[in-house]
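Q: First the structure, which I've put down as structure tokens, then a few questions once you've had a look.
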Amino acid sequence: MLSTTTTTKSSPTSPRQKHKHTPHNHKKILVRAAPQHRPNEPEDTLPKDLAHALQNAETLFADIRIQFPGGGPDFRLLTIAPSKAILFRDPTNICLLDEWGEEINEERGVCIKIHEGVEREAVEKLVSSAYEGTGGLMDLTCSNAYSDVCVDVFPSPFSSSSSPPQPPKQQQLQSPHQSPPQKDLPYHLHKFLLATRIPYFHALLTSPYLDSSSPTHTLPTHIIPPHALHTIITHVYGGTVPPARTLDEALSRHAAAEYLGVTAVSARSLRDVYAVLHNLCCVCEGCVASIPRVVEYARDRGLEALETDCVDLVVRGWDRCIPTKRFAGDTPPEFRDRVCEGVVESIRVGTIVETITKCTRAVTKLHGVPGGSPWVATVTDIITRIKHRTTEIISTQFPHLAQTELTARVESDTLDEILDVAIANLKERNAVDVLKGLVWLDWSVGGEAVSRARVKCVRFIALRWVSLRLGGGFEGIEKDILKEIAD
């Protein structure tokens with residue numbers, strides 16, 4: 001397990017020396033490797049979706065037909081039904097089709113009847129090349145060419161005071177990628193592409209209700225703010241998702257993409273949440289301050305994996321996260337319980353020294369805070385539960401702890417606290433084991449604190465000599481230790 005500091009063990013030395021803690025000077029305070037639940041980079045499906053649109057053009061709002069000569073019984077074999085917006089975005093295609101056929105206006109749009117002698121393969125190649133989507137179609141949103149629908153947002157029914165809090169200014173994702181400049185609303189778009197790329201619009205535009213034929217469709221801005229709509233339109237027409245630069249931007253994009261069913265933008269926005277928060281493996285001030293908001297969003301949206309990664313992060317950096325009002329006062333009780341259980345379950349013999357150091361650091365952060373604050377009581381309760389677990393391990397596994405973890409590099413204050421806990425929790429069933437551990441420490445580390453604890457443990461055993469002997473408590477103990485107890 002990684003921790004906020006890395007300690008290199010060395011052979012025990014005596015006499016014991018107190019080591020100063022070196023302050024952390026890095027901007028990021030890493031506590032673990034990258035989380036396992038971060039979504040993968042979304043695939044660019046624009047070429048695939050355009051191919052689907054061409055194959056299903058007649059049911060996806062085709063506004064131009066290309067008819068070949070012949071007129072057999074199966075009319076579909078003799079007609080290609082594409083979109084003018086795609087086909088005519090290249091002026092060369094307009095010239096070629098003018099040369100190859102004759103344009104006729106029909107009720108459903110334009111029909112180009114190809115002349116005799118023109119090779120069908122050449123026409124099909126021209127159409128398929130136009131639908132490859134290489135380089136994206138963002139120019140269509142700028143020129144409004146052949147637009148057949150407008151998309152706008154209407155004002156939020158919520159006041160500005162109810163808008164979600166802004167994330168810390170330092171929580172920004174620096175990226176070389178730049179999205180196209182955001183244009184003024186409304187967007188003049190194309191039904192065939194909206195229905196192909198956005199499930200929400202596919203359901204809306206193909207429904208039998210009157211709304212489906214409306215020339216303008218409005219979206220709720222409190223769910224889909226303009227910047228999120230711009231990102232989704234960029235994805236629909238360009239095949240890419242520009243990265244979010246702030247937590248607020250990433251979360252609002254994700255909410256908008258979930259509402260419209262655009263999975264690529266949803267996945268990319270969730271990746272941006274991780275990126276803005278240093279991949280959820282950092283407990284710097286900005287990340288810690290943002291955790292409550294991310295947890296609230298994850299619980300509201302049912303993002304169990306994101307909430308679990310937040311729990312995992314706080315468990316590993318709990319000494320910096322838990323003793324804060326944002327955590328103890330702003331996170332749901334269920335989340336705090338999961339964190340506390342995770343911290344308690346993670347405590348082992350190998351983490352006792354680290355845990356006690358973190359407890360001391362957490363308690364220090366509460367100094368100067370009014371004791372009557374409800375969140376302080378919450379923090380104190382969590383620290384008490386953590387200390388209870390450390391006490392349990394110290395009192396039951398002290399020999400193992402003494403031989404593997406209590407080296408000369410452990411700070412004297414931490415060692416003193418461990419020894420005090422061991423002596424305070426002496427029982428007939430563990431007294432001899434504690435003494436064995438103290439004998440080892442007296443030989444390997446030394447120091448007045450170890451000697452005092454050893455004397456107290458010997459006195460405790462001496463007062464219970466008979467009961468310990470009858471219970472077989474002295475079996476396997478060295479003769480020199482027995483003599484020390486007898487004396």
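Q: Report whether or not Val315 is touching a Ser or Thr at 6+ places or on another chain (Cβ under 7 Å) and either part of a helix (DSSP H, G or I) or in contact (Cβ under 8 Å) with a residue 60 or more places away in the chain (or both).
A: Numbers: touching a Ser or Thr at 6+ places or on another chain (Cβ under 7 Å): yes; either part of a helix (DSSP H, G or I) or in contact (Cβ under 8 Å) with a residue 60 or more places away in the chain (or both): yes.
Judged against the criteria, Val315 is a match.
Q: Moving on. Which residues, taken from the stretch 416-448, are closer than 25 Å to Lys358 by Cβ and touching a residue at least 60 places away in the same chain (Cβ under 8 Å)?
A: Selection gives Glu417, Ile418, Ser444, Val445, Gly447.
Q: Name the one entry in Tyr297, Tyr274, Tyr237 that is within 27 Å of Asn144 (Cα to Cα), assigned to a helix (DSSP H, G or I) and aromatic (Phe, Trp, Tyr).
A: Selected residue: Tyr237, the only one of Tyr297, Tyr274, Tyr237 that is within 27 Å of Asn144 (Cα to Cα), assigned to a helix (DSSP H, G or I) and aromatic (Phe, Trp, Tyr).
Q: If you go through the stretch 440-470, how many residues are open to solvent by less than 70 Å² (accessible area, probe 1.4 Å) and either within 55 Å of the chain's Cα centre (by Cα) or at pLDDT below 65 (or both)? Reasoning before the result, please.
A: Let us first name the residues in the stretch 440-470 that are open to solvent by less than 70 Å² (accessible area, probe 1.4 Å), namely 441-442, 444-447, 449-451, 453-455, 457-458, 460-462, 467-468.
Checking the rest, the ones that are also either within 55 Å of the chain's Cα centre (by Cα) or at pLDDT below 65 (or both) come to 441-442, 444-447, 449-451, 453-455, 457-458, 460-461, 468.
Of the residues in the stretch 440-470, 17 are open to solvent by less than 70 Å² (accessible area, probe 1.4 Å) and either within 55 Å of the chain's Cα centre (by Cα) or at pLDDT below 65 (or both).
Q: Sort out which residues of the stretch 140-162 are at pLDDT 75 or above and hydrophobic (A, V, I, L, M, F, W, C), and write them in order of number.
A: Within the stretch 140-162, Leu140, Cys142, Ala145, Val149, Cys150, Val151, Val153, Phe154 meet the criteria.
Q: Among the listed residues Tyr259, Tyr200, Tyr209, which satisfies the condition of being open to solvent by 10 Å² or more (accessible area, probe 1.4 Å), farther than 29 Å from Glu132 by Cα and aromatic (Phe, Trp, Tyr)? Steps first, answer last, please.
A: Numbers: Tyr259 fails: farther than 29 Å from Glu132 by Cα; Tyr200 fails: farther than 29 Å from Glu132 by Cα.
Testing whether each residue is open to solvent by 10 Å² or more (accessible area, probe 1.4 Å), farther than 29 Å from Glu132 by Cα and aromatic (Phe, Trp, Tyr) leaves just Tyr209.
Q: Let me ask something additional. Does the stretch 90-111 hold any residues that are over 20 Å from Thr59 (Cβ atoms) and surrounded by 13 or more Cβ atoms within 10 Å (Cβ to Cβ), and which are they? Working first, answer last.
A: Looking only at the stretch 90-111, we keep the residues that are over 20 Å from Thr59 (Cβ atoms), and these are 90-105.
Asp90, Asn93, Ile94, Leu96, Leu97, Trp100, Gly101 - these are the residues of the stretch 90-111 that are over 20 Å from Thr59 (Cβ atoms) and surrounded by 13 or more Cβ atoms within 10 Å (Cβ to Cβ).
Q: Out of curiosity, is Ala53 part of a helix (DSSP H, G or I), crowded, with 17+ Cβ neighbours inside 10 Å and at pLDDT 50 or above?
A: Here the answer is yes, as Ala53 does meet what is asked.
Q: Out of Val295, Val262, Val276, report the one residue that is more than 25 Å from Pro370 (Cα to Cα) and touching a strand residue (DSSP E or B) at 6+ places or on another chain (Cβ under 7 Å). Can you show your working first?
A: On the way: Val295 fails: touching a strand residue (DSSP E or B) at 6+ places or on another chain (Cβ under 7 Å); Val262 fails: touching a strand residue (DSSP E or B) at 6+ places or on another chain (Cβ under 7 Å).
Answer to the selection: Val276.
Q: Follow-up question, since we're still on this one. How many of the residues in the stretch 221-238 are open to solvent by less than 10 Å² (accessible area, probe 1.4 Å) and in contact (Cβ under 8 Å) with a residue 40 or more places away in the chain?
A: Result for the stretch 221-238: 7.
Q: What's the total number of residues in the stretch 340-362 that are open to solvent by less than 40 Å² (accessible area, probe 1.4 Å) and among the hydroxyl-bearing types (Ser, Thr, Tyr)?
A: Adding up the residues that qualify gives 3.
Q: Still on this structure: Does Ile291 satisfy the condition of being modelled with pLDDT of 95 or more and open to solvent by less than 10 Å² (accessible area, probe 1.4 Å)?
A: no
Q: Here's a follow-up. Going by what's in this entry, would His26 be described as at pLDDT 80 or above, of a type outside the set (Asp, Glu) and open to solvent by 80 Å² or more (accessible area, probe 1.4 Å)?
A: Numbers: at pLDDT 80 or above: no; of a type outside the set (Asp, Glu): yes; open to solvent by 80 Å² or more (accessible area, probe 1.4 Å): yes.
The answer is no for His26.
Q: Can you tell me which residues in the stretch 315-339 are buried (at least 21 other Cβ atoms within 10 Å of the Cβ), among the small types (Gly, Ala, Ser) and touching a Phe, Trp or Tyr at 6+ places or on another chain (Cβ under 9 Å)?
A: Ala328 - this is the single residue of the stretch 315-339 that is buried (at least 21 other Cβ atoms within 10 Å of the Cβ), among the small types (Gly, Ala, Ser) and touching a Phe, Trp or Tyr at 6+ places or on another chain (Cβ under 9 Å).
Q: Taking the stretch 220-274 only, how many residues are at positive phi and either hydroxyl-bearing (Ser, Thr, Tyr) or touching a Gly at 6+ places or on another chain (Cβ under 7 Å) (or both)?
A: So the first thing to find is which residues in the stretch 220-274 are at positive phi, and the list is 239, 261.
Add one more test, that the residue is either hydroxyl-bearing (Ser, Thr, Tyr) or touching a Gly at 6+ places or on another chain (Cβ under 7 Å) (or both), and what stays is 239.
The number of residues fulfilling the criteria is 1.
The values are calculated or read from the model by the stated rules, or taken from the named source; none is laboratory data. Computed from a predicted model, the values in this text were never measured in an experiment. Neighbour counts run over all protein chains shown; Cβ positions are idealised from the backbone, glycine included. Please note that ligands, DNA and RNA were not included when accessible areas were found on the heavy atoms of the full protein model with its side chains. Shrake-Rupley method; radii C 1.70, N 1.55, O 1.52, S 1.80 Å.
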